[in-house]
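Q: Could you have a look at this structure, given as structure tokens, before my questions?
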Amino acid sequence: MASSLVAFPCQSSIFNNPAGIAFSDGTNVGINYYKVLPVQGFNTLGAWAVSQKKGFAVGVLADSFGDRYYKESRAGIAASKKLDKVSMGIKFSILNNRIEDYSSRQTVLGEFGLVVTPHKFFNVGLHVINFTRASLYNSQYLPTIISTGTVLNLSQKARFTTQVDYILNAGATLKAGLIYTMRPDFDLMTGINPSQKAVHFGLKGKFGNKTFTVAAATLPSVGLSHQFSLQYKIGGK
């Protein structure tokens with residue numbers, strides 16, 4: 001869905017907007033694999049876990065990108081509380097950037113988010129990445145990104161998402177997505193990111209307490225990228 005998920009609570013919310021994890025059900029764990037560059041070893045592998053009870057959720061995550069020469073890694077914790085139509089979330093992550101035989105730097109990145117459901121026909125979301133203005137190097141701050149978006153419930157089966165990402169001092173980008181429920185346990189997804197000239201598509205299937213998601217995107221600069229995720233619900237179905 002072109003990652004237009006800021007207002008769309010789902011298994012990726014711990015990455016896309018911590019406020020969304022309060023919409024989860026029970027305890028869930030998952031793994032993600034993302035390959036975008038056609039270079040051996042340059043992929044992202046992540047794992048996460050979220051537990052929710054009575055509208056309050058906590059989660060942990062870790063992911064890593066790179067190879068033995070260059071690596072970016074992250075480990076974080078998130079918390080979210082849902083009160084009636086408003087969910088609020090916060091997340092802190094330790095980021096590490098390592099270049100073999102050159103440098104290794106760490107910093108703490110802060111994020112917060114909101115998901116508001118003013119009406120059953122739509123949600124709105126807000127996610128701020130790096131509100132702490134963290135930096136890995138004294139002369140280079142990590143970007144602060146403000147994302148806003150909506151989810152329109154077009155029908156019981158179709159939902160349309162939009163998201164605008166604004167990078168401070170760098171401008172804004174728009175992306176959009178669509179998810180269609182073919183069956184209660186099977187979804188089709190697509191999305192576009194005009195700034196990258198990228199088209200995204202994928203599918204999600206649920207089998208008992210396991211959910212699989214497979215997605216791909218056409219990126220003119222690097223070709224075809226792909227992503228795979230597996231979610232497992234502990235107890236129940």
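The values are calculated or read from the model by the stated rules, or taken from the named source; none is laboratory data. Since we're looking at a predicted model, the values are computed, not measured. Please note: Cβ atoms are built from the backbone with ideal geometry, for glycine as well, and neighbour counts cover all protein chains shown. Heavy atoms of the whole protein, side chains included, go into the accessibility calculation; ligands, DNA and RNA do not. Shrake-Rupley method; radii C 1.70, N 1.55, O 1.52, S 1.80 Å.
Q: Could you tell me the center-to-center distance, by alpha carbons, between region 192-214 and region 26-78 in angstrom?
A: 17
Q: Roughly how many percent of the accessible protein surface of region 98-237 is carbon and sulfur, given a 1.4 Å probe and a whole-percent answer? Let's see the in-between values first.
A: Numbers: 5200 of 8310 Å².
Roughly 63 percent of what the probe reaches on region 98-237 is carbon or sulfur.
Q: Using a Gaussian network model of the chain with C-alpha springs under 10 Å, which one of SER147, SER155, SER73 is most mobile by mean-square fluctuation?
A: Between SER147, SER155, SER73, it is SER155 that shows the largest mean-square fluctuation.
Q: Something else about it: For ASN153 and ILE234, calculate 0.36 nm times their separation in residues minus their Cα-Cα distance, and state this gained length in nm to one decimal. Display every interim value, and only then the final one.
A: Working: separation 81, 0.36 × 81 = 29.16 nm, distance 2.87 nm.
Extra length from ASN153 to ILE234 when fully extended: 26.3 nm.
Q: Between LYS210 and ILE167, what length in nm is gained on full extension when 0.36 nm per residue of separation is reduced by their alpha carbon distance? Mind showing how you got there, number by number?
A: Values: separation 43, 0.36 × 43 = 15.48 nm, distance 3.56 nm.
In short, 11.9 nm is gained.
Q: Next question. When the Karplus curve 6.51 cos²θ - 1.76 cosθ + 1.60 is applied with θ = phi - 60°, which whole-Hz ³J(HN,Hα) does each residue of region 97-104 get, with x for Gly and Pro?
A: 10, 10, 10, 4, 6, 10, 7, 8
Q: Explain nothing, just compute: Karplus ³J(HN,Hα) = 6.51 cos²θ - 1.76 cosθ + 1.60, θ = phi - 60°, for every residue of region 164-177 in order, whole Hz, x for Gly and Pro.
A: After applying 6.51 cos²θ - 1.76 cosθ + 1.60, I find 10, 9, 10, 9, 3, 6, 9, x, 10, 10, 10, 8, 8, x Hz.
Q: Could I ask something else about it? When the convex hull of the C-alpha atoms of region 1-130 is computed, what volume per residue in Å³ does it have? Walk me through the numbers before you get to the answer.
A: Numbers: hull volume 12.8 nm³, N = 130.
So the per-residue hull volume is 99 Å³.
Q: Let me ask something else about it. Over all directions, average the projected area of the Cα convex hull of the chain and note it in nm². Show your work: numbers first, answer last.
A: Values: hull surface 52.0 nm².
Convex hull of Cα atoms, orientation-averaged projection: 13.0 nm².
Q: Also, I was wondering about something else. Counting only heavy atoms of protein chains, what accessible area per residue, in Å², does the chain have with a probe of 1.4 Å? Don't jump to the answer; show the numbers that get you there.
A: On the way: 12760 Å² over 237 residues.
That works out to 54 Å² for each residue.
Q: Give the average over all directions of the projected area of the C-alpha convex hull of region 135-237, one decimal, in nm².
A: Mean orientational projected area (region 135-237, Cα hull): 9.2 nm².
Q: Using a Gaussian network model of the chain whose springs link C-alpha atoms within less than 10 Å, name the residue from GLY149, GLY113, GLY223 with the highest mean-square fluctuation.
A: Of GLY149, GLY113, GLY223, the Gaussian network model singles out GLY223 as fluctuating most.
Q: How many nm separate the modelled label positions at ARG98 and ILE31, each set 7 Å beyond the Cα in the direction of the Cβ?
A: In this crude label model, ARG98 to ILE31 measures out at 2.1 nm.
Q: Still on this structure, please answer the following. For region 86-194, report the % of Cα-Cα distances exceeding 24 Å. Walk me through the intermediate numbers first.
A: On the way: 2543 of 5886 pairs.
Tail of P(r) above 24 Å: 43 percent of Cα pairs.
Q: Top mean-square fluctuation among PHE23, PHE186, PHE201, Gaussian network model of the chain, C-alpha springs under 10 Å?
A: Looking only at PHE23, PHE186, PHE201, the largest GNM fluctuation is found for PHE186.
Q: Magnitude of the Cβ-charge dipole of the chain, K/R +1 and D/E -1, about the Cα centre, nearest 20 debye? Can you show the working numbers first?
A: Details: 24 positive and 11 negative charges, 135 e Å.
Using Cβ point charges on Lys, Arg, Asp and Glu, the chain gives about 640 debye.
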